[in-house]
Amino acid sequence: MQWLVKRAALAFYPRTVALPGAGDCALDEQLLQLRKEGPPILWLSLVFGAVLFMLTPLFTLGVPLPAFLLPPSWLDKHASRLSTTRFYLLRQAMLGLKFAASLAWGRDAEVRRALGIAPYAEDPERFRTT
(Lines give C-alpha, C1' and ligand atoms only; values in the text may rest on other atoms or scores of the structure.)
Protein backbone atom coordinates (compact mmCIF):
# COMPACT_ATOMS: atom_id res chain seq x y z
CA MET A 1 0.00 0.00 0.00
CA GLN A 2 2.91 2.37 0.61
CA TRP A 3 3.73 2.23 -3.11
CA LEU A 4 0.21 3.35 -3.95
CA VAL A 5 0.28 6.23 -1.47
CA LYS A 6 3.72 7.30 -2.70
CA ARG A 7 2.69 7.29 -6.38
CA ALA A 8 -0.35 9.42 -5.63
CA ALA A 9 1.57 11.84 -3.38
CA LEU A 10 4.31 12.30 -5.98
CA ALA A 11 1.81 13.76 -8.44
CA PHE A 12 1.28 16.79 -6.20
CA TYR A 13 4.98 17.68 -5.89
CA PRO A 14 6.66 16.98 -9.24
CA ARG A 15 10.24 17.98 -9.95
CA THR A 16 10.64 21.31 -11.74
CA VAL A 17 13.63 23.19 -13.14
CA ALA A 18 13.85 25.29 -9.97
CA LEU A 19 12.83 22.79 -7.28
CA PRO A 20 13.27 19.10 -6.47
CA GLY A 21 10.13 17.01 -6.38
CA ALA A 22 8.80 14.96 -3.50
CA GLY A 23 10.43 11.89 -5.04
CA ASP A 24 13.82 13.51 -4.48
CA CYS A 25 13.11 14.06 -0.79
CA ALA A 26 13.02 11.01 1.51
CA LEU A 27 9.31 10.42 0.87
CA ASP A 28 9.57 6.69 1.56
CA GLU A 29 11.01 7.35 5.02
CA GLN A 30 8.36 9.97 5.74
CA LEU A 31 5.53 7.62 4.79
CA LEU A 32 7.04 4.84 6.88
CA GLN A 33 7.28 7.19 9.85
CA LEU A 34 3.68 8.31 9.40
CA ARG A 35 2.56 4.71 9.25
CA LYS A 36 4.50 3.70 12.36
CA GLU A 37 3.95 6.74 14.56
CA GLY A 38 0.65 8.16 13.35
CA PRO A 39 -2.77 6.94 14.35
CA PRO A 40 -4.10 4.08 12.19
CA ILE A 41 -6.89 6.31 10.85
CA LEU A 42 -4.24 8.59 9.29
CA TRP A 43 -2.72 5.75 7.30
CA LEU A 44 -6.17 4.47 6.36
CA SER A 45 -7.14 7.92 5.06
CA LEU A 46 -3.94 8.12 3.00
CA VAL A 47 -4.60 4.72 1.44
CA PHE A 48 -8.22 5.69 0.76
CA GLY A 49 -7.07 8.94 -0.86
CA ALA A 50 -4.51 7.11 -2.98
CA VAL A 51 -7.10 4.61 -4.21
CA LEU A 52 -9.44 7.47 -5.12
CA PHE A 53 -6.61 9.25 -6.89
CA MET A 54 -5.75 6.17 -8.92
CA LEU A 55 -9.33 5.38 -9.93
CA THR A 56 -10.71 8.81 -10.83
CA PRO A 57 -9.04 9.80 -14.14
CA LEU A 58 -12.23 8.62 -15.83
CA PHE A 59 -14.10 11.44 -14.09
CA THR A 60 -11.45 14.17 -14.26
CA LEU A 61 -10.04 13.54 -17.74
CA GLY A 62 -12.50 11.18 -19.38
CA VAL A 63 -9.73 8.58 -19.71
CA PRO A 64 -10.41 4.99 -18.56
CA LEU A 65 -6.92 4.43 -17.15
CA PRO A 66 -5.61 4.32 -13.58
CA ALA A 67 -3.59 7.40 -12.68
CA PHE A 68 -0.28 5.54 -12.54
CA LEU A 69 -0.56 4.85 -16.31
CA LEU A 70 -1.14 8.49 -17.27
CA PRO A 71 1.56 10.50 -19.04
CA PRO A 72 3.07 13.28 -16.89
CA SER A 73 1.05 16.13 -18.42
CA TRP A 74 -2.25 14.27 -17.92
CA LEU A 75 -1.23 13.25 -14.40
CA ASP A 76 -0.61 16.89 -13.53
CA LYS A 77 -4.00 17.89 -14.93
CA HIS A 78 -5.67 15.05 -13.02
CA ALA A 79 -4.02 16.10 -9.73
CA SER A 80 -5.01 19.71 -10.31
CA ARG A 81 -8.62 18.88 -11.04
CA LEU A 82 -8.91 16.65 -7.98
CA SER A 83 -7.38 19.34 -5.79
CA THR A 84 -9.90 21.91 -6.95
CA THR A 85 -13.03 19.80 -7.29
CA ARG A 86 -16.25 21.13 -5.80
CA PHE A 87 -16.80 17.76 -4.08
CA TYR A 88 -15.38 18.53 -0.69
CA LEU A 89 -14.76 14.96 0.53
CA LEU A 90 -12.74 14.15 -2.58
CA ARG A 91 -10.77 17.38 -2.24
CA GLN A 92 -10.15 16.60 1.44
CA ALA A 93 -8.80 13.15 0.57
CA MET A 94 -6.33 14.79 -1.83
CA LEU A 95 -5.30 17.24 0.89
CA GLY A 96 -4.22 14.26 3.01
CA LEU A 97 -1.91 13.06 0.23
CA LYS A 98 -0.49 16.56 -0.19
CA PHE A 99 0.07 16.73 3.56
CA ALA A 100 2.07 13.50 3.58
CA ALA A 101 4.25 14.59 0.65
CA SER A 102 4.72 18.10 1.99
CA LEU A 103 6.28 16.83 5.22
CA ALA A 104 9.14 15.27 3.29
CA TRP A 105 9.34 17.99 0.65
CA GLY A 106 9.27 20.95 3.04
CA ARG A 107 12.00 19.67 5.32
CA ASP A 108 14.41 18.73 2.51
CA ALA A 109 17.58 20.84 2.64
CA GLU A 110 17.74 21.30 -1.16
CA VAL A 111 14.15 22.52 -1.34
CA ARG A 112 14.68 24.92 1.53
CA ARG A 113 17.88 26.24 -0.06
CA ALA A 114 16.12 26.76 -3.41
CA LEU A 115 13.40 28.72 -1.61
CA GLY A 116 15.95 30.82 0.27
CA ILE A 117 15.14 29.27 3.65
CA ALA A 118 17.77 27.95 6.05
CA PRO A 119 17.82 24.15 6.35
CA TYR A 120 16.51 22.62 9.54
CA ALA A 121 18.97 21.52 12.20
CA GLU A 122 19.24 17.80 12.89
CA ASP A 123 16.18 16.48 14.73
CA PRO A 124 17.21 15.45 18.28
CA GLU A 125 14.06 13.29 18.62
CA ARG A 126 13.86 14.17 22.33
CA PHE A 127 10.10 13.77 22.53
CA ARG A 128 10.55 10.01 22.27
CA THR A 129 12.91 9.80 25.23
CA THR A 130 11.19 12.06 27.78
Completion exercise
Phi angles of the stretch 91-96, converted by Karplus (6.51 cos²θ - 1.76 cosθ + 1.60, θ = phi - 60°) into ³J(HN,Hα) in whole Hz with x for Gly and Pro, give 4, 5, 5, 6, 4, x
Exercise for the section: Calculate what fraction, in whole %, of the accessible area of the chain sits on carbon and sulfur atoms when a 1.4 Å probe is rolled over the protein chains. Expected result: 63 percent
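Give the calculated FRET efficiency between Glu37 and Ala109 to the nearest 0.05, with a Förster radius of 25 Å applied to their Cβ-Cβ distance. Before the final figure, lay out the partial values.
Details: r = 22 Å, r/R0 = 0.88.
E between Glu37 and Ala109, to the nearest 0.05, is 0.70.
Calculate, in nm to one decimal, what Phe48 and Asp123 gain on full extension: separation in residues at 0.36 nm each, minus their alpha carbon distance.
24.0 nm
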Fill in the blank from the handout: Length-normalised contact order of the stretch 13-130, Cα under 8 Å, at least 6 apart, in percent, tallies to 30 percent
Fill in the blank from the handout: For the chain, longest principal axis from Cα atoms; helix 27-37 axis from its Cα atoms; angle between them, nearest 10 degrees, is 80 degrees
Fill in the blank from the handout: In terms of the alpha carbon gyration tensor, root eigenvalues a ≥ b ≥ c, rounded if a/c is under 1.5 and otherwise prolate when a/b exceeds b/c or oblate, the chain is oblate
Exercise for the section: Mind pulling the angle between the C-alpha long axis of helix 72-83 and the longest principal axis of the chain? Nearest 10 degrees, somewhere in 0 to 90. Expected result: 80 degrees
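Quickly rank 40-46, 2-8 as a protection proxy: mean count of other C-beta atoms within 10 Å, highest first. Don't skip to the answer; put the middle values down first.
Details: 40-46: 15.0, 2-8: 19.7.
The most tightly packed comes first, giving 2-8, 40-46.
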Completion exercise
Measuring from its Cα centre, the chain shows a charge dipole (+1 at each Lys and Arg Cβ, -1 at each Asp and Glu Cβ) which, in debye to the nearest 20, is 400 debye
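The values are calculated or read from the model by the stated rules, or taken from the named source; none is laboratory data. Computed from a predicted model, the values in this text were never measured in an experiment. Glycine gets a Cβ as well: all are built from the backbone with ideal geometry, and neighbour counts include every protein chain shown. Heads up: the accessible areas ignore ligands, DNA and RNA and are worked out on the full protein's heavy atoms, side chains in. Shrake-Rupley method; radii C 1.70, N 1.55, O 1.52, S 1.80 Å.
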